[in-house]
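Novice: Below: one structure in structure tokens.
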């Protein structure tokens, strides 16, 4: 299972202010643990930083590490949310995955941490 | 009538967290009990898991088992909702079917169990 | 005037649950009582069943019976609503008609019975 | 100025029920009282009837009578609203006009009578 | 600076009623006071009249008078709002300008006077 | 790092009134401090002025000064917000950046200062 | 079977010139001779007149006469083409019918008489 | 394998004329002979009849008979083409199938018999 | 009448090659010589240069000079074409103007000089 | 002026076959030699290779080198075309630039080398 070691942070340039950051990765791929077939999806991260922000290139490399990982939609969504939450300790965060159809079924999973901004 | 035996679960990887999962199966087909003609529709499942999640391939096989079943729109919608609710005991669930036109009439049925998330 | 005898019911498969059923008939036609010209429209039925559901093919035949009936938009909408309400005694119901333009004027009529679902 | 004599009513077929009727006339034309140039617009009537409904063909003829009338947007909108209100005494009514551009300016006027339905 | 003398009013044909009038002028042009280059934009007026309405052709001529005026977006928006408000004394008014891009930047300014209608 | 010296103000022409100004700069570019590759994005400024407004051409020149600056999305967004806030002291302000995809990931950052208008 | 007696002609006002006339009737309806259910479709007539043109209101009445006629798609298309060709003797004509779906199948039939225009 | 016995013909009402008939069946389903999973597609028939036309309801029943048939895309397309060609002996015919995606791949197969119309 | 003095040229950087240059000016405005009202349009220049190209900023200033010129659509189109042709002596050139509607009529004028490219 | 040294080639894997390659770079930026303001555009390369193909990352770095270059649209288009043609010696090539608007004028330049494919 990919660990979160590729993820890097940098100091929030404006830690005294609440503001919203969004990253949308449209080319995520992992492997279905049941069938061995590849899954394709979009990962959306939306958060209000506390003292740290995730660095974008490290996020890209971290997400690429799931390429050959056999993992359920629900598990990968929660794991990415957990890794990013542990790393950044954000004030609020949504992690959402949207998966293209397989066998005629398309899916999505959405995790929210902390209280939504007004 | 298809029983729910093909349905399989796996443990919710993050049971302490409320999050939303959605599966949309666009190629559902069953048979009209009145005329014997085939019906075609889309099945949408949206839920917050408790301790268990439905496994996607087993969901596909379960839905395929209605292929030659003579059953009303209203009955198949409630039966799928009941089978999935009994299997997963989710905290909240919507099961919706949207049917393509037959004789110039298109239809939909929507069942909601538990309280909607905020 | 078409009576409601073609309409048939079947028992609500889940009478203990509130859920929503929708049928949209896009090929409704009747006759204008003023000019004798044909009218064309869409009939939308949306309801929460109590103990009975309307059977789809019988609904189609019932609606076809208006084909040569001279009747105002307002009257046909209320009559269909009344016939279906008397037949099914639903918990809640909307009956709406949308008419294609005639002489540059398009029209719609909407009847609601009971309290709207939350 | 066109009087309301072409307008005809018929009895509301369901006077004990509140329901909504809409007519949209896309081919309305009158004349600008300032410049003498023709104006083109759409007239939308939306109402809940009390004891009477306006008959559609008579509405068409009434609206056609404005064809050579020199009248401001604001005046024609209020006059149609007044004529229909006096004729039908509806429980609630919206009369709206939308005018295509003249000299680079497009316009609309909307009148509401009674309390909006829930 | 254009004065408001070209603007003309006519008596509100229905002063006892609250209703909404909208005029959208898509071909407004003035001049940037900083660079001398022309600005192009759309002016939207939306209001509930009290005793007077603005006459449409006079509004067109009034707006054309800004053609060679060097004036900031913010100033022209407030000036038009002030001139129309002083002229008509409306119950409620929005005056909005939307400007096409200049140097890769597009802009808009919106002024609201009085309380918005329900 | 670009200082805010190119930014110029002019007096708010209507300081006693609350109104909203928006500028959208679609051709912003800076440099990624991690990889040295260029970043491309849109900068949106939306605010209610107090006594001063930002002059548009000076805003354009100020934004162009980031062309060869190595700076994170989060930092540039906050710096522009801070520079404009210090300059204009607006009653309310949103500064938002939307970045085109790099390595399959697109991003946005949004900062809000003061209380949103009703 | 409807005869062509309602159809009327008028003299082609420019018989020395080849030009194209098109009429599209979107509300055609007849009855399926196999099942007795209503069919709905669009009838498109496109032609270059010789000495005579078909009068529009008579065409509408002629097409309405099929309302309760049991007739195959192929037969009704050829019959309308034959009736119009006999009546008008056009230089060139296309008669096309497009039928909305029945039992999941939509259909069209197209007849061309004479040589297509360049 | 479905035989062609449900297919019925009727006499071409205009055998002396070349004209084009098209039927599009959007709800075709068969079974993949390799995996046992259902396939979903659209069947398009386009032809110029000689002495016989295929009757529409019999075509629907014939196509429904493939519902539980394990057969490759290529084979089903050719078999339907062969059955219809043998039945009708058309002057010209195209039989095309378009299949919804399975495992990220969508497919189509097209067979043409006789010479295309000009 | 604006003379062509603001127009500047620079040497065609690749005079030995035929290639196509296009400039589209969407904010052209002049004045109607008949009514005195402003006209708004788009000017499109498309050409193959010989030894000289028109410089873009000088083209902008040249076009702005028509702002208060009373001139017919046809005249302004031909004058711009003549000025640019005399200046650049291009191998081939199209000059087209597209005018927004006035009194419900929109117009365009297109001038071509030299032989069109293959 | 950027030289073509960053550009790298690789051997055409199928030199005996004519086929078309297209690269579209949407984030090109250079500087206007007249005003010093940045230009933004899209560069499209479309070609049939002979013995060599351009390597994609080297193309990206080559195009980025124009970031601070003062150069006319026409010159940059021809220079890129020349550099790529000299490097690859393609059988056929189109090099096109499309520039976002500046001062209300948008532009494009297109160079074609060799004979177009059929």
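The values are calculated or read from the model by the stated rules, or taken from the named source; none is laboratory data. These numbers were taken from a predicted model, which means no experiment stands behind them. So basically every Cβ, Gly included, is an ideal-geometry build from the backbone, and we count neighbours across all protein chains shown.
Novice: Scan the stretch B:18-34 and give yes if some residue there is within 24 Å of residue H:61 (Cα to Cα), surrounded by fewer than 16 Cβ atoms within 10 Å (Cβ to Cβ) and either within 8 Å of another protein chain (Cβ to nearest Cβ) or in contact with a strand residue (DSSP E or B) (Cβ under 8 Å, 6 or more places away or on another chain) (or both), otherwise no. Step through it out loud before you land on a result.
Specialist: Residues of the stretch B:18-34 that are within 24 Å of residue H:61 (Cα to Cα), as a first pass: B:26-34.
Filter again for surrounded by fewer than 16 Cβ atoms within 10 Å (Cβ to Cβ), leaving B:33-34.
Narrowing further to those that are either within 8 Å of another protein chain (Cβ to nearest Cβ) or in contact with a strand residue (DSSP E or B) (Cβ under 8 Å, 6 or more places away or on another chain) (or both): B:33-34.
Yes.
Novice: Quick one: which residue in F:9, F:53 is over 26 Å from residue A:15 (Cα atoms) and touching a residue at least 60 places away in the same chain (Cβ under 8 Å)?
Specialist: Details: F:53 fails: touching a residue at least 60 places away in the same chain (Cβ under 8 Å).
It is F:9.
Novice: Return yes when residue H:72 is within 11 Å of another protein chain (Cβ to nearest Cβ), modelled with pLDDT under 95 and closer than 30 Å to residue B:62 by Cβ and no when it is not.
Specialist: Numbers: within 11 Å of another protein chain (Cβ to nearest Cβ): no; modelled with pLDDT under 95: yes; closer than 30 Å to residue B:62 by Cβ: yes.
When the stated conditions are applied, residue H:72 does not pass them.
Novice: Tell me which residues, restricted to the stretch B:103-118, are facing chain C (nearest Cβ under 7 Å) and farther than 23 Å from residue B:55 by Cα.
Specialist: B:103, B:104, B:105, B:106, B:107, B:108, B:109, listed by residue number.
Novice: Kindly indicate whether residue C:59 is in contact with a helix residue (DSSP H, G or I) (Cβ under 6 Å, 6 or more places away or on another chain) and under 30 Å from residue C:34 (Cβ atoms). Spell out the reasoning first.
Specialist: Working: in contact with a helix residue (DSSP H, G or I) (Cβ under 6 Å, 6 or more places away or on another chain): no; under 30 Å from residue C:34 (Cβ atoms): yes.
No, not satisfied.
Novice: Would you be able to say whether some residue in the stretch I:46-56 is in contact with a strand residue (DSSP E or B) (Cβ under 8 Å, 6 or more places away or on another chain), at the interface with chain J (Cβ under 9 Å from one of its Cβ atoms) and assigned to a helix (DSSP H, G or I)?
Specialist: Yes, the stretch I:46-56 contains at least one residue that is in contact with a strand residue (DSSP E or B) (Cβ under 8 Å, 6 or more places away or on another chain), at the interface with chain J (Cβ under 9 Å from one of its Cβ atoms) and assigned to a helix (DSSP H, G or I).
Novice: Across the stretch E:79-95, which residue is farthest from residue E:24 (Cα to Cα) among those that are touching a strand residue (DSSP E or B) at 6+ places or on another chain (Cβ under 6 Å) and within 11 Å of chain F (Cβ to nearest Cβ)?
Specialist: Only one residue tops the list, namely E:85.
Novice: Would you check if residue D:98 is buried (at least 16 other Cβ atoms within 10 Å of the Cβ), at pLDDT 95 or above and out of contact with any strand residue (DSSP E or B) (no Cβ under 7 Å at 6 or more places or on another chain)?
Specialist: Working: buried (at least 16 other Cβ atoms within 10 Å of the Cβ): yes; at pLDDT 95 or above: yes; out of contact with any strand residue (DSSP E or B) (no Cβ under 7 Å at 6 or more places or on another chain): no.
Considered against the rule, which asks whether it is buried (at least 16 other Cβ atoms within 10 Å of the Cβ), at pLDDT 95 or above and out of contact with any strand residue (DSSP E or B) (no Cβ under 7 Å at 6 or more places or on another chain), residue D:98 comes out as no.
Novice: Determine, yes or no, whether residue J:43 is away from chain I (no Cβ under 14 Å), in contact with a helix residue (DSSP H, G or I) (Cβ under 7 Å, 6 or more places away or on another chain), within 24 Å of residue F:32 (Cβ to Cβ) and in contact (Cβ under 8 Å) with a residue 12 or more places away in the chain.
Specialist: Details: away from chain I (no Cβ under 14 Å): yes; in contact with a helix residue (DSSP H, G or I) (Cβ under 7 Å, 6 or more places away or on another chain): yes; within 24 Å of residue F:32 (Cβ to Cβ): yes; in contact (Cβ under 8 Å) with a residue 12 or more places away in the chain: yes.
Criteria met by residue J:43.
Novice: Which number in (1) over 19 Å from residue J:78 (Cα atoms); (2) out of contact with any strand residue (DSSP E or B) (no Cβ under 6 Å at 6 or more places or on another chain); (3) surrounded by fewer than 16 Cβ atoms within 10 Å (Cβ to Cβ) marks the one condition that residue I:8 misses?
Specialist: Condition (3) is where residue I:8 drops out.
Novice: Would you pick out the residues in the stretch H:12-40 that are closer than 28 Å to residue G:113 by Cα, over 14 Å from the mean Cα position of the chain (by Cα) and either free of Cβ contacts under 8 Å to residues at least 40 places away in the same chain or part of a loop (DSSP other than H, G, I, E, B) (or both)?
Specialist: Passing the criteria: H:12, H:13, H:14, H:15, H:16, H:17, H:18, H:19.
Novice: So, one more: Only one of these conditions is not met by residue E:82: (1) surrounded by fewer than 17 Cβ atoms within 10 Å (Cβ to Cβ); (2) under 16 Å from the mean Cα position of the chain (by Cα); (3) under 30 Å from residue F:8 (Cα atoms). Which number is it?
Specialist: (1)
Novice: So how many residues does the stretch F:96-112 have that are more than 15 Å from residue F:26 (Cα to Cα) and in contact (Cβ under 8 Å) with a residue 60 or more places away in the chain?
Specialist: 1
Novice: Let me ask something else about it. Does residue I:62 fit the bill of being part of a helix (DSSP H, G or I) and modelled with pLDDT of 95 or more?
Specialist: On the way: part of a helix (DSSP H, G or I): yes; modelled with pLDDT of 95 or more: yes.
So residue I:62 passes the test.
Novice: May I ask you to list the residues in the stretch D:85-95 that are part of a helix (DSSP H, G or I) and buried (at least 20 other Cβ atoms within 10 Å of the Cβ)?
Specialist: Residues of the stretch D:85-95 that are part of a helix (DSSP H, G or I), as a first pass: D:85-88.
Residue satisfying the conditions is D:88 alone.
Novice: Something else about it: Is it the case that residue J:73 is over 29 Å from residue E:37 (Cβ atoms) and surrounded by 18 or more Cβ atoms within 10 Å (Cβ to Cβ)?
Specialist: no
Novice: Here are the criteria: (1) over 23 Å from residue A:21 (Cβ atoms); (2) buried (at least 18 other Cβ atoms within 10 Å of the Cβ). Tell me which single one residue F:57 does not satisfy.
Specialist: Unmet for residue F:57, out of (1) over 23 Å from residue A:21 (Cβ atoms); (2) buried (at least 18 other Cβ atoms within 10 Å of the Cβ): (2).
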